[in-house]
1. To test your reading of the geometry: what angle, between 0 and 90 degrees and rounded to tens, separates the Cα axis of helix 244-257 from the longest principal axis of the chain?
2. Find how much the distance from residue 208 to residue 146 grows on full extension, using 0.36 nm per residue of separation minus their present alpha carbon separation; answer in nm with one decimal.
3. Can you tell me the length gained on complete extension of the stretch residue 13 to residue 288, counting 0.36 nm per residue apart and subtracting the Cα distance?
4. Give the relative contact order (percent, whole number) for segment 113-223; include only Cα pairs under 8 Å separated by 6+ residues.
5. Could you give the angle, 0 to 90 degrees to the nearest 10, between helix 14-24's Cα long axis and the longest principal axis of the Cα atoms of the chain?
6. Quick one: compute the contact order of the chain, relative version, from alpha carbon pairs under 8 angstrom and 6+ residues apart, as a percent.
7. Using alpha-carbon positions, what is the distance between the centroids of segment 234-252 and segment 257-291, in Å?
8. Against the longest alpha carbon principal axis of the chain, how many degrees, from 0 to 90 and to the nearest 10, is the axis of helix 268-288 turned?
Ligand SMILES: Cc1cc2nc3c(=O)[nH]c(=O)nc-3n(C[C@H](O)[C@H](O)[C@H](O)COP(=O)(O)OP(=O)(O)OC[C@H]3O[C@@H](n4cnc5c(N)ncnc54)[C@H](O)[C@@H]3O)c2cc1C
């Protein structure tokens, strides 16, 4: 199927890209890996007048661990494959599992972390862990930069707080405190090249080795219009010693926190029950990951 005609822009700096985006606003779409937008253009779901390629902008592809607090700064156009290969995300096990489970090798070579967030698909693989790590996003426009919490980034399916003239430039993850671990579980109807039926990312921090839980974040995907925090489950874990019984209770609470719908891929009832099951597994993974 042919792609409809469009004007093509290939800026070489973020500043230039912001100027073009500011000029065309909603009439221009950004092109990162193209794994989402190109199929949608072929299907005539999105018909932009212009495409602004971000591929020539090296600053959007650079990753670093920087600052006194050793935070990880991830360029929005870093591809999934490059992030898996880069050693700097090793402490973020849940994110790495999400990256490894995204699509196929071909998709991972093209797809970017920024594109994954910007599409705001409720079942996307990277948003649950990025939210669970309290990730932040840097959004740029000609007016300047703003930093937003990923907790506030998603507004609904396909909708984010990105304004028409803004570009997602960077994702920032703080260094994980000592005694912290994380885990991500994705459930699909098959083992590869599958969009999640349900997914859960969990991050837990212990007060001290073998101590009580001092921090817990559980984020569920594909069971609501946006990735959802399982706050009842998180509160239940706080101040308690990790145990199978506690995690089972947290799983039940997370199922209550979820808001799944029936669709052709699974019923709401099945999804809710799977939230219960995979929350327990994500918590167990997080506990074993504690470093
Ligand atoms: C066969 C197949 C399998 C897939 N499997 C999975 C999967 O298992 N898990 C999963 O989560 N996803 C999956 N996807 C969806 C998709 O590959 C990912 O969401 C990918 O990360 C999108 O990134 P991209 O760089 O290709 O985005 P693009 O297609 O380039 O862009 C997507 C949208 O985001 C906007 N955008 C891109 N970058 C920015 C930016 N920096 N700032 C602001 N807006 C931006 C674009 O304008 C566009 O509207 C799959 C897709 C296909 C085709």
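Coordinate-derived values only; no laboratory data. None of the values given here were measured: they were computed from a predicted structure. Neighbour counts run over all protein chains shown; Cβ positions are idealised from the backbone, glycine included.
1. 40
2. 18.8 nm
3. Between residue 13 and residue 288, full extension yields 94.8 nm more.
4. For segment 113-223, the relative contact order is 29 percent.
5. Helix 14-24 sits roughly 70 degrees off the main axis of the chain.
6. Computed over the chain, the figure is 16 percent.
7. One Cα centre to the other: 15 Å.
8. It is inclined by approximately 80 degrees.
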